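The values are calculated or read from the model by the stated rules, or taken from the named source; none is laboratory data. The shown structure was predicted, so the numbers you read here are calculated from the model rather than taken from an experiment. Methodologically, a virtual Cβ is constructed for each residue, glycine included, from the backbone with ideal geometry; neighbour enumeration extends over all protein chains shown. Just the protein is used for accessible areas: all its heavy atoms, side chains included, with ligands, DNA and RNA removed. Shrake-Rupley method; radii C 1.70, N 1.55, O 1.52, S 1.80 Å.
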Amino acid sequence: MTVSSHEWRLARLLWDYLCLGQEVQPADWILVFGSHDLSVAHRAADLYHEGIGCHVVVSGGARSVPEGARYDTEAEALREILVRRDVPVEAIAVEKLASNTSENFWFTAELMRDRGIDASRFLVVQKPYAERRVIATARRRWPAKEVRVTSESTTFERYCAGSIATSKIFSMLAGEILRLDSYARSGLVEIGEDTPAELVEAALALESAGHNARALARPATTRSTAS
């Protein structure tokens, strides 16, 4: 699929808003949330070996297991990478039910409660453009916990030049913005601000251009830039 320079500019605007670039700080647990992008496991392994955290939870069900993978769940795929990267098996806890970010927090909390773990500082590892949604969900799900987020060290250009199709990345960026806007309006997440109207319009423009693999069903009366 050919991508126009205008679409690139729109996607870059969304990327810059969604990526938070928080400073990495020591944590009681590193949480790795599953998806189609397994780079999160490599980032988590690096953090473990840097001494940022000495325990890791991998969380994710069967929703986004990479095509062709030999695993039934995202968590199992992530765990294997961590083990290959010399993270000890005994340092890894596995949660295999979650199908979205809210459930990643919910089921991870249940796993820790079942194991009698009382931790307060967490570092979530996710895709770069999922960082803002992770923090917004954490504020809603774990308001009493200290939660930070990180992702692989990359740039928009390098990420788009990787193995994931550019149109898929653009679709994910548009979907992230529209979900943040919808979830914040419904009270499912707390982002602390209205999603900028110009970014909502940019996301809708990308979807209209064909980058709609992660389209979100929306009401017929979409908010305009004047609202």
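Here are some conditions: (1) acidic (Asp, Glu); (2) over 18 Å from ILE135 (Cα atoms); (3) in a helix (DSSP H, G or I). ASP16 meets all but one. Which one does it not meet?
(2)
Does at least one position in the stretch 199-206 carry a residue that is surrounded by fewer than 19 Cβ atoms within 10 Å (Cβ to Cβ), at pLDDT 95 or above and either farther than 21 Å from ALA98 by Cβ or among the hydrophobic types (A, V, I, L, M, F, W, C) (or both)?
yes
Please specify each residue of the stretch 54-73 satisfying the condition of being touching a strand residue (DSSP E or B) at 6+ places or on another chain (Cβ under 9 Å) and either open to solvent by 10 Å² or more (accessible area, probe 1.4 Å) or at pLDDT 95 or above (or both).
CYS54, HIS55, VAL56, VAL57, VAL58, SER59, THR73 - these are the residues of the stretch 54-73 that are touching a strand residue (DSSP E or B) at 6+ places or on another chain (Cβ under 9 Å) and either open to solvent by 10 Å² or more (accessible area, probe 1.4 Å) or at pLDDT 95 or above (or both).
Listed residues THR195, THR154; which is buried (at least 21 other Cβ atoms within 10 Å of the Cβ) and among the β-branched types (Val, Ile, Thr)?
Result: THR195 is the single residue among THR195, THR154 that is buried (at least 21 other Cβ atoms within 10 Å of the Cβ) and among the β-branched types (Val, Ile, Thr).
For LEU173, are the conditions met, namely being out of contact with any Cys (no Cβ under 7 Å at 6 or more places or on another chain), at pLDDT 95 or above, crowded, with 21+ Cβ neighbours inside 10 Å and within 18 Å of TRP15 (Cα to Cα)?
Answer is yes for this residue.
Of the residues that sit in the stretch 29-53 and are surrounded by fewer than 19 Cβ atoms within 10 Å (Cβ to Cβ) and at pLDDT 95 or above, which one is farthest from ARG121 (Cα to Cα)?
Checking each candidate, the answer is HIS42.
Taking only pairs six or more apart or across chains, which ones have beta-carbon atoms under 7 Å, a first residue in the stretch 1-28 that is among the polar types (S, T, N, Q), and a second residue that is modelled with pLDDT of 95 or more?
GLN22/ARG148; GLN22/VAL149; GLN22/THR150; GLN25/ARG148
Give the residues of the stretch 176-212 that are in a helix (DSSP H, G or I) and either among the β-branched types (Val, Ile, Thr) or farther than 22 Å from SER5 by Cβ (or both), sorted by residue number.
ILE177, LEU178, ARG179, LEU180, ASP181, SER182, TYR183, ALA184, ARG185, SER186, ALA197, VAL200
For the stretch 19-46, enumerate the residues that are more than 19 Å from GLY175 (Cβ to Cβ) and not in a loop (DSSP other than H, G, I, E, B).
Matches in the stretch 19-46: TRP29, ILE30, LEU31, VAL32, ALA41, HIS42, ARG43, ALA44, ALA45, ASP46.
Looking at VAL124, is it within 18 Å of GLY53 (Cα to Cα), buried (at least 22 other Cβ atoms within 10 Å of the Cβ) and in contact with a helix residue (DSSP H, G or I) (Cβ under 7 Å, 6 or more places away or on another chain)?
Criteria met by VAL124.
Among the residues of the stretch 20-28, is any more than 28 Å from ALA161 (Cβ to Cβ) and either among the small types (Gly, Ala, Ser) or in contact with a Phe, Trp or Tyr (Cβ under 9 Å, 6 or more places away or on another chain) (or both)?
yes
One residue is enough: does the stretch 78-92 have a residue meeting the conditions touching a residue at least 12 places away in the same chain (Cβ under 8 Å), surrounded by 14 or more Cβ atoms within 10 Å (Cβ to Cβ) and closer than 24 Å to ALA144 by Cα?
yes
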